[in-house]
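J.: Here you go, one structure.
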Amino acid sequence: MKKFLFYKRLSSTQDIAYKLALQGEGEGTVIISDYQTGGRGRLGRKWFAPPKKNLLCSFILRPNMPAEQAFRISRLAVCAIKKAVEEKTDLSVYSKYPNDLLIKGKKFAGVLTETQIKKGKLEFIILGMGVNVNSIKEQFFRAKSKIKNERMNAFRKGGDIEGKSKGEEQPQFVKRITSLREETGKRFSRPALLRKILKYFEKEYFSLCQENLIEVSKIS
C-alpha cells in the first residue's frame with residue numbers, strides 16, 4: 001500500500017474510502033480509524049468496536065480484472081488475516097464463508113468488499129477489514145450502547161436514526177464474539193498486525209493482478 005490516512009473518529013472507513021475513490025484517489029490508499037460510529041459488515045450488519053482497541057481500515061484497489069472476479073479479493077484478505085493472526089498469536093483461525101474469521105467458534109474479524117462498476121468494467125474495489133485486537137467483551141457492549149445512544153440523540157434533534165440497534169442484550173451479543181486479547185490474555189500492536197496482514201495480502205494481490213494481465217493479453 002502506498003498512502004495511509006489516519007482518523008480518530010469517523011462514520012465508516014468504507015464510506016470515506018468510497019468517496020475518495022469516486023474523486024479519483026489512486027490505488028493503494030488505506031483509510032484507518034480509531035473509532036467508527038457507522039461501521040458495517042456484509043448485508044448491512046453493524047460492526048461495533050470500542051475506540052482505540054481494534055483494527056478498522058479500508059483499502060482502495062483498482063485491479064485490472066473482470067468484474068465477476070472481484071470476489072477473489074475478499075478471499076485473499078481473509079487468507080491474509082488468517083496467516084497474520086496465526087503467526088502473531090499461535091492460535092488456530094478458521095474462516096467462515098464468505099468473509100468471517102473465527103477463533104474457537106467465535107467471530108473476531110470480518111472482511112467487506114464494495115465495488116464500483118461502470119459500463120460493465122470494474123473501476124475500483126473498496127476492501128474493508130475489521131479485526132478485534134485488544135478489546136474485551138464488556139467494551140463491545142458499551143460500544144454498541146454508545147452508538148445506539150448517539151443515534152437516539154440525533155433522532156431527538158431531528159436527525160436520521162436509520163440502522164439503529166435492535167436492543168440485543170449483553171449475554172447473547174457478547175458470547176458470539178471474541179478478540180485476540182480475550183483469547184491470549186495479551187495486548188498486540190495494531191500497526192504491527194496491519195503490516196503483517198499487508199505483507200501477506202500484497203504478495204497474493206499482485207500475483208492475482210499479474211495473472212489477470214496475462215489472461216487479458218492472451219485475449220487481445
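The values are calculated or read from the model by the stated rules, or taken from the named source; none is laboratory data. The shown structure was predicted, so the numbers you read here are calculated from the model rather than taken from an experiment. Positions of Cβ are generated from backbone atoms using ideal geometry, with glycine treated the same way; all protein chains shown enter the neighbour counts.
J.: Of the conditions (1) of a type in the set (A, V, I, L, M); (2) exposed (fewer than 14 other Cβ atoms within 10 Å of the Cβ); (3) under 18 Å from K199 (Cα atoms), I117 fails just one. Which one is it?
T.: (3)
J.: Looking at segment 1-11, which of the residues that are free of Cβ contacts under 8 Å to residues at least 60 places away in the same chain and of a type outside the set (D, E, K, R) is surrounded by the most Cβ atoms within 10 Å (Cβ to Cβ)?
T.: Per the stated criteria, the residue is L10.
J.: With the condition kept exactly as written, say whether any residue in segment 99-120 is at pLDDT below 90, farther than 21 Å from I16 by Cα and either assigned to a helix (DSSP H, G or I) or touching a Phe, Trp or Tyr at 6+ places or on another chain (Cβ under 8 Å) (or both).
T.: No, there is no match, as no residue in segment 99-120 is at pLDDT below 90, farther than 21 Å from I16 by Cα and either assigned to a helix (DSSP H, G or I) or touching a Phe, Trp or Tyr at 6+ places or on another chain (Cβ under 8 Å) (or both).
J.: Does L102 satisfy the criteria of being without any contact (Cβ under 8 Å) to a residue 12 or more places away in the chain and under 15 Å from the mean Cα position of the chain (by Cα)?
T.: Numbers: without any contact (Cβ under 8 Å) to a residue 12 or more places away in the chain: yes; under 15 Å from the mean Cα position of the chain (by Cα): yes.
It is true that L102 is without any contact (Cβ under 8 Å) to a residue 12 or more places away in the chain and under 15 Å from the mean Cα position of the chain (by Cα).
J.: Next up: Taking only segment 47-75 into account, find how many residues are among the hydrophobic types (A, V, I, L, M, F, W, C) and farther than 21 Å from S179 by Cα.
T.: 8
J.: Take S74 and tell me if it is without any contact (Cβ under 8 Å) to a residue 60 or more places away in the chain and farther than 16 Å from G128 by Cα.
T.: In short, no.
J.: Enumerate the strands (runs of 3 or more DSSP E) found wholly within segment 1-61, keeping only those where 1 or more residues are at pLDDT 90 or above and in contact with an Asp or Glu (Cβ under 8 Å, 6 or more places away or on another chain).
T.: Counting at least 1 such residues, we get 3-7, 55-61.
J.: Follow-up question, since we're still on this one. Within segment 83-98, which residues are surrounded by 13 or more Cβ atoms within 10 Å (Cβ to Cβ) and part of a strand (DSSP E or B)?
T.: S95, the sole residue that qualifies.
J.: Going by the conditions given, is I31 crowded, with 22+ Cβ neighbours inside 10 Å, in contact (Cβ under 8 Å) with a residue 40 or more places away in the chain and within 25 Å of Q139 (Cα to Cα)?
T.: Working: crowded, with 22+ Cβ neighbours inside 10 Å: yes; in contact (Cβ under 8 Å) with a residue 40 or more places away in the chain: no; within 25 Å of Q139 (Cα to Cα): yes.
When the stated conditions are applied, I31 does not pass them.
J.: Another one. So for segment 66-73 (the condition being part of a helix (DSSP H, G or I), at pLDDT 90 or above, touching a strand residue (DSSP E or B) at 6+ places or on another chain (Cβ under 6 Å) and within 25 Å of G120 (Cβ to Cβ)), does at least one residue qualify?
T.: So far as segment 66-73 goes, yes, one or more of its residues are part of a helix (DSSP H, G or I), at pLDDT 90 or above, touching a strand residue (DSSP E or B) at 6+ places or on another chain (Cβ under 6 Å) and within 25 Å of G120 (Cβ to Cβ).
J.: Here's something else I'd like to know. Do you know which residues across segment 87-126 are among the β-branched types (V, I, T) and touching a strand residue (DSSP E or B) at 6+ places or on another chain (Cβ under 7 Å)?
T.: Selection gives V93, V111, T113, T115, I117, I125, I126.
J.: Take segment 1-11 and flag every residue that is closer than 23 Å to K196 by Cα and either touching a Lys or Arg at 6+ places or on another chain (Cβ under 7 Å) or of a type in the set (A, V, I, L, M) (or both).
T.: Initially, segment 1-11 is screened for residues closer than 23 Å to K196 by Cα, giving 1-8.
Within segment 1-11, M1, L5 qualify.
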